[in-house]
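Trainee: What follows is a single structure, and I will ask about it in a moment.
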């Protein structure tokens, strides 16, 4: 307590860090509008302060807040000095890169960490949309009708990205398409992203990278929390949760997420819903048990149900599965169980397990897709540190059951994959570390699979880190659970030969630097160069025949290479910003011909700018992304839609007020530029007026024929089974909703309220 009987009603002082002046620090009296900021020499003053007791706060982005209690009883100047400490924002504890808790700065594997504060800058109803402002990560919509999607990392398709919840690989297969939209953002403690293969630790699917969604521990969560927002389109999102002590030996964290959008909108006037209608609920519980040994034991469970549909505006459930009115309707029911138990032995050994059950009842027009998937996973990890070695050994088993009603699955696919893995993190010197790792999997369908890994970290100074990572990856393809295009539209699916696992070889070079300026600013530079080479790649072929999608192992190779740069900056006076960009080349080469991968941008950028005005308790967040042109799936040479998308950008602004106790109010505008993909195109969905192709004429002969388009006068050769141009179909198209690269939702307002009780 700093107390003075004074007459001047003025507060002055100095802000420092490590004994040096720290300028542009915000100084304010809590729950008042009185405040100031320190000058170039770190000095500040606040005048005309009424008598009374106050909490005075020194705040500077990138540093820990400092609070002091003061009392002003008379009119004399008092002095309050502040010594601020860096918040160590780059020194978070991470677990994803090496399967053990380490400092982010010490890890040989580059891991990006995103906290709830990052996602609050642009509030979204699910983690899928929340990742749109992460550099090199792009949520990709795969269908204009049902709006399903996946997450691309460094240009690689969604199935190459492994999504974990609390380190458990339960978001895969069917849930890769639908399950990402049911994870409540309010329960997330942090999100860790590794770009590049991680198959040596996590097995199949971790080829392009992985996203680990780490939920809050009950003991670290607020007593009660709520977050709800509505948008001008009628979207409603509600997050509610609480924690409780259950007896003396257990803590419970409970969370519920509800999302509803039931307002059909057709702004582009194609008689199809611009955005899928959704009614979704997700219920989450996490238990943490106290043991006499203080060893870890936690259990978590989640239930998810969603009813979504998109289609013609006049569709209702009476048309489900018929050919009178087109609609895509998906009922998803899913539950998950996750456990983590540290064994009661002297060694540090942990058993982790998970189980998920996914039931999907869906129709795409008059095509039913009924699928069930069950995934069981368990692994035993032994963490054994020695003098200069940090050893990790593990054995794992994965059970996968999948069945659907498609011709591709005559019998249910059921497989058990046992695995062994080991890694050694070697301390070569105080500045150098080397990580060696390997994994062995046995898949009865494909035999033995070996994936080695090497990582090197060199830290020449406290502010510079160089990391070099290399490894291999593999992926077993589950076609119909991963490729939404195989189920929707009029294209026939052709699977050529037995699909063999994909193999990849990757190398990544990463450089991280922290830079402090004399006036107290902090900059962080994070740059990476990456290269991945694939053999046996399975890339959907839309080009050979516009009426078919061919799936086969590539008779050649494909590559992904590029450079990614992130810059984070902490300025004075409550201003913080970041910008990132990625330039990449994703292509395949077959028979000496190089082709750019479809639906993959050559460059992208993300940015955010935040300003906190402490005296008024208002924060302004401006976020955005930009994507370069990407090749799009046309239906033939007569298709009038653009072959390449334009450069496009989604930008958002938000205002947050947190001057109330326990409450925050926020509001803003999403998609400021009102960008939608129909700009510059005659239509987005091909033949939306005839979604069942009832008026499409095909070449029913067994010989190629020539035909002339009534619209362009161009003569084309139509292969057997191909579409003929006619007066009511001059471009020789079939119904196809796969021409999609950006959200089809324009500018909209949003308003929200958060409540937290600690």
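The values are calculated or read from the model by the stated rules, or taken from the named source; none is laboratory data. Note that the structure is a prediction, hence the values are computed from the model and not measured. Reconstructed Cβ throughout: ideal geometry from the backbone, glycine too, with neighbour counts over all protein chains shown.
Trainee: In this structure, is residue 742 part of a loop (DSSP other than H, G, I, E, B), in contact with a strand residue (DSSP E or B) (Cβ under 6 Å, 6 or more places away or on another chain) and under 30 Å from residue 630 (Cβ atoms)?
Mentor: Here the answer is yes, as residue 742 does meet what is asked.
Trainee: Let me ask something additional. Given (1) more than 21 Å from residue 616 (Cα to Cα); (2) modelled with pLDDT of 80 or more, identify the lone condition not met by residue 20.
Mentor: (2)
Trainee: Right, something else. Where residues in segment 680-703 are surrounded by fewer than 12 Cβ atoms within 10 Å (Cβ to Cβ) and over 21 Å from residue 315 (Cβ atoms), which of them is nearest to the chain's Cα centre (by Cα)?
Mentor: Only one residue fits best here, namely 680.
Trainee: Does residue 593 satisfy the condition of being farther than 30 Å from residue 197 by Cα and at pLDDT below 95?
Mentor: Here the answer is no, as residue 593 does not meet what is asked.
Trainee: Something else about it: Go through (1) modelled with pLDDT of 85 or more; (2) over 30 Å from residue 736 (Cβ atoms); (3) surrounded by fewer than 17 Cβ atoms within 10 Å (Cβ to Cβ) and name the single condition residue 514 misses.
Mentor: The number of the failed condition is (3).
Trainee: Could you list, in sequence order, the residues of segment 710-739 that are assigned to a loop (DSSP other than H, G, I, E, B), more than 41 Å from the chain's Cα centre (by Cα) and surrounded by 19 or more Cβ atoms within 10 Å (Cβ to Cβ)?
Mentor: Listed by number, the list holds a single entry, 725.
Trainee: Now, a different point. Within the group 529, 537, which residue is surrounded by fewer than 18 Cβ atoms within 10 Å (Cβ to Cβ), out of contact with any helix residue (DSSP H, G or I) (no Cβ under 6 Å at 6 or more places or on another chain), within 21 Å of residue 453 (Cα to Cα) and at pLDDT 75 or above?
Mentor: None of the other options fit; the residue is 529.
Trainee: On to the next question. Does residue 659 satisfy the criteria of being modelled with pLDDT under 90, outside any strand (DSSP E or B) and buried (at least 17 other Cβ atoms within 10 Å of the Cβ)?
Mentor: no
Trainee: Sticking with this one: Does segment 662-669 include one or more residues that are over 20 Å from residue 121 (Cα atoms), touching a residue at least 60 places away in the same chain (Cβ under 8 Å), in a strand (DSSP E or B) and in contact with a strand residue (DSSP E or B) (Cβ under 6 Å, 6 or more places away or on another chain)?
Mentor: Checked against the condition, which is being over 20 Å from residue 121 (Cα atoms), touching a residue at least 60 places away in the same chain (Cβ under 8 Å), in a strand (DSSP E or B) and in contact with a strand residue (DSSP E or B) (Cβ under 6 Å, 6 or more places away or on another chain), segment 662-669 yields no hits at all.
Trainee: Which ones in segment 619-630 are surrounded by fewer than 20 Cβ atoms within 10 Å (Cβ to Cβ), within 18 Å of residue 676 (Cα to Cα) and in contact (Cβ under 8 Å) with a residue 24 or more places away in the chain?
Mentor: Residues satisfying the conditions are 628, 629.
Trainee: Among the candidates 580, 562, single out the residue that is under 30 Å from residue 25 (Cα atoms), surrounded by 17 or more Cβ atoms within 10 Å (Cβ to Cβ), within 24 Å of the chain's Cα centre (by Cα) and at pLDDT 90 or above.
Mentor: Testing whether each residue is under 30 Å from residue 25 (Cα atoms), surrounded by 17 or more Cβ atoms within 10 Å (Cβ to Cβ), within 24 Å of the chain's Cα centre (by Cα) and at pLDDT 90 or above leaves just 580.
Trainee: When you look at residue 178, is it in contact with a strand residue (DSSP E or B) (Cβ under 6 Å, 6 or more places away or on another chain), closer than 30 Å to residue 404 by Cβ and at pLDDT 80 or above, yes or no?
Mentor: So residue 178 fails the test.
Trainee: If residue 633 satisfies all but one of (1) surrounded by fewer than 21 Cβ atoms within 10 Å (Cβ to Cβ); (2) under 30 Å from residue 710 (Cβ atoms), what's the number of the condition it fails?
Mentor: Among (1) surrounded by fewer than 21 Cβ atoms within 10 Å (Cβ to Cβ); (2) under 30 Å from residue 710 (Cβ atoms), the lone unmet condition for residue 633 is (1).
Trainee: Looking at segment 286-319 only, could you name the residues that are farther than 17 Å from residue 271 by Cα and assigned to a loop (DSSP other than H, G, I, E, B)?
Mentor: Selection gives 290, 291, 292, 293, 294, 295, 296.
Trainee: Between 439, 467, 433, which is at pLDDT 90 or above, closer than 17 Å to residue 201 by Cβ and touching a helix residue (DSSP H, G or I) at 6+ places or on another chain (Cβ under 6 Å)?
Mentor: The match here is 439.
Trainee: Taking segment 23-33 as the search range and keeping residues that are surrounded by 19 or more Cβ atoms within 10 Å (Cβ to Cβ) and on the phi < 0 side of the Ramachandran plot, which one is modelled with the lowest pLDDT?
Mentor: 23
Trainee: Oh, and also: Before we move on, is residue 481 over 26 Å from the mean Cα position of the chain (by Cα) and either at pLDDT 90 or above or not in a strand (DSSP E or B) (or both)?
Mentor: In short, no.
Trainee: Continuing with this model, one more query. Given the residues 237, 212, 271, 260, which is the only one that is crowded, with 23+ Cβ neighbours inside 10 Å, modelled with pLDDT of 95 or more and touching a strand residue (DSSP E or B) at 6+ places or on another chain (Cβ under 6 Å)?
Mentor: Step by step, each of 237, 212, 271, 260 is checked, and only 237 is crowded, with 23+ Cβ neighbours inside 10 Å, modelled with pLDDT of 95 or more and touching a strand residue (DSSP E or B) at 6+ places or on another chain (Cβ under 6 Å).
Matching residues to (1) out of contact with any helix residue (DSSP H, G or I) (no Cβ under 9 Å at 6 or more places or on another chain); (2) farther than 30 Å from residue 505 by Cβ:
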{"position": "207", "(1), (2)": "no, no"}
{"position": "212", "(1), (2)": "yes, no"}
{"position": "220", "(1), (2)": "yes, yes"}
{"position": "236", "(1), (2)": "yes, yes"}
{"position": "257", "(1), (2)": "no, yes"}
{"position": "273", "(1), (2)": "yes, yes"}
{"position": "289", "(1), (2)": "yes, yes"}
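Trainee: When you scan segment 336-350, do you find a residue that is more than 25 Å from residue 254 (Cβ to Cβ) and touching a helix residue (DSSP H, G or I) at 6+ places or on another chain (Cβ under 6 Å), even just one?
Mentor: no
Each row is one residue, and each column tells you yes or no for (1) surrounded by fewer than 22 Cβ atoms within 10 Å (Cβ to Cβ); (2) in contact (Cβ under 8 Å) with a residue 40 or more places away in the chain; (3) not in a strand (DSSP E or B).
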{"site": "119", "(1), (2), (3)": "yes, yes, yes"}
{"site": "122", "(1), (2), (3)": "no, yes, yes"}
{"site": "125", "(1), (2), (3)": "no, yes, yes"}
{"site": "132", "(1), (2), (3)": "yes, yes, yes"}
{"site": "138", "(1), (2), (3)": "no, yes, no"}
{"site": "152", "(1), (2), (3)": "no, yes, no"}
{"site": "159", "(1), (2), (3)": "no, yes, yes"}
{"site": "162", "(1), (2), (3)": "no, yes, no"}
